[in-house]
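Following this message is one structure expressed as structure tokens.
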Amino acid sequence: MPKVILSPFAMSQNTFMAIFAVTLLTACQTLPSHYTAAIDRAHPLTANMPTIDRAGRIAYIEEQGIGVTKVSTLYSIRPDGSDRQMITQLNGYLYSPAWSADGQLLAYSKQLPRQSPKIYIYDHSNQTHNLVVHNNGSNLSAVFSPDNQKLLYSSTVGGNADIYELNLADGRSKQLTTLPSTEVQPSYAADGQSFVYVSDKVRAGRPRLYRYDFASAKATLIPTDGYAASPQLSLDGTRMSYLSGSQAAIMTLATGQVVNLADTGLDEPARLSPSGQYAVYPTRQSQISGQQGGSLVIRSLTGGDSYAIGSKTGGVVRSPVWGKSLLNYH
């Protein structure tokens with residue numbers, strides 16, 4: 001049987017907490033007029049989106065089967081549900097895709113049977129998949145720095161899960177957290193001066209959110225109610241999406257106000273659009289009439305309106321992330 005090492009994006013809350021206890025995881029251009037018209041006809045909600053959102057892509061994972069029969073597929077799709085493209089597919093597991101700041105590169109983790117997860121970067125310009133982190137242990141949750149020069153990621157290469165920063169130019173990694181607890185799921189701030197992440201350093205198996213400041217190399221707690229995981233900062237730094245208990249939640253950082261969007265049935269967080277005005281999250285049951293399997297739900301954070309995009313294969317939908325685009329996709 002292959003060794004399966006779960007991502008915090010792909011497990012129930014109870015499983016996540018149990019694994020924590022034993023050190024888990026061993027440029028906005030104008031759209032062409034014909035494209036704008038196509039979006040407006042597809043979903044009225046997309047007609048009101050800022051161009052930075054409409055021009056972007058949503059990457060996500062679909063899963064079918066279990067155990068040795070598991071097939072995982074990484075797709076990207078436009079926010080109106082058109083132009084679905086398969087990026088990669090394998091017999092195994094895919095985890096936590098993350099776009100570069102310009103929407104040209106996509107980082108993700110891949111776990112083949114009897115192997116631990118390794119981190120790859122997909123380059124759309126030449127459609128290549130480059131292996132960038134292949135340490136012994138689990139290598140997960142990679143995210144690009146705002147200048148696209150570095151990656152933050154978590155790894156168990158040192159025993160327990162810690163957060164590392166990889167310089168993409170020379171391939172060197174620097175360990176940032178060194179506690180005996182579990183530190184995972186980093187997300188850069190837009191200014192590159194800090195990042196948020198998950199740690200159970202106060203109580204094993206009870207993850208909380210922290211912000212790490214690069215200048216001081218110190219971390220401060222972000223107040224939340226109870227179980228909190230999977231944070232993502234908005235590009236303007238005013239909001240944070242995260243998993244609050246079993247709820248996909250959005251926090252306004254200045255006030256601490258939290259809006260719970262949905263219990264997805266998958267213990268998965270929402271992810272913010274480039275403008276921060278919309279969110280996308282997966283659901284276990286499709287909201288598309290006659291469609292089998294899961295779906296992506298896109299929701300306005302101002303009006304609350306939403307619509308759903310059905311899965312391609314009828315499988316489980318996971319880990320959507322919404323990236324910017326400079327119209328490099330055709």
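The values are calculated or read from the model by the stated rules, or taken from the named source; none is laboratory data. Because the structure is predicted, anything quoted here is derived from the model rather than measured. Backbone-built Cβ (ideal geometry, glycine too); neighbour counts: all protein chains shown. The area values use the complete protein model at the heavy-atom level, side chains included, leaving out ligands, DNA and RNA. Shrake-Rupley method; radii C 1.70, N 1.55, O 1.52, S 1.80 Å.
Can you pull out every residue in segment 275-287 that is over 14 Å from Gly304 (Cα atoms) and open to solvent by less than 10 Å² (accessible area, probe 1.4 Å)?
Pro282
Also: Which of the residues spanning segment 165-190 are over 20 Å from the mean Cα position of the chain (by Cα) and on the phi > 0 side of the Ramachandran plot?
Listed by number, the list holds a single entry, Gly171.
For a quick check of your reading of the model, give me the residue pairs whose first member lies in segment 159-187 and is outside any loop (DSSP other than H, G, I, E, B), whose second is exposed (fewer than 12 other Cβ atoms within 10 Å of the Cβ), with beta-carbon atoms closer than 7 Å and at least 6 apart or on different chains.
Asp162/Thr178; Tyr164/Lys174; Glu165/Lys174
Does segment 225-236 include one or more residues that are under 23 Å from Pro79 (Cβ atoms) and touching a helix residue (DSSP H, G or I) at 6+ places or on another chain (Cβ under 8 Å)?
yes
Residue by residue through segment 236-288, note down the ones that are among the β-branched types (Val, Ile, Thr) and touching a strand residue (DSSP E or B) at 6+ places or on another chain (Cβ under 9 Å).
Residues of segment 236-288 among the β-branched types (Val, Ile, Thr): 238, 250, 252, 255, 258-259, 264, 280, 283, 288.
Correct list: Thr238, Ile250, Thr252, Val258, Val259, Thr264, Val280, Thr283, Ile288.
Would you mind listing the strands (runs of 3 or more DSSP E) fully within segment 196-255 where at least 3 residues are over 21 Å from the mean Cα position of the chain (by Cα)?
Qualifying strands (runs of 3 or more DSSP E): 218-222.
Only residues that are modelled with pLDDT under 95 and over 19 Å from the mean Cα position of the chain (by Cα): list them for segment 117-156, please.
Ser125, Asn126, Gln127, His134, Asn135, Asn136, Gly137 - these are the residues of segment 117-156 that are modelled with pLDDT under 95 and over 19 Å from the mean Cα position of the chain (by Cα).
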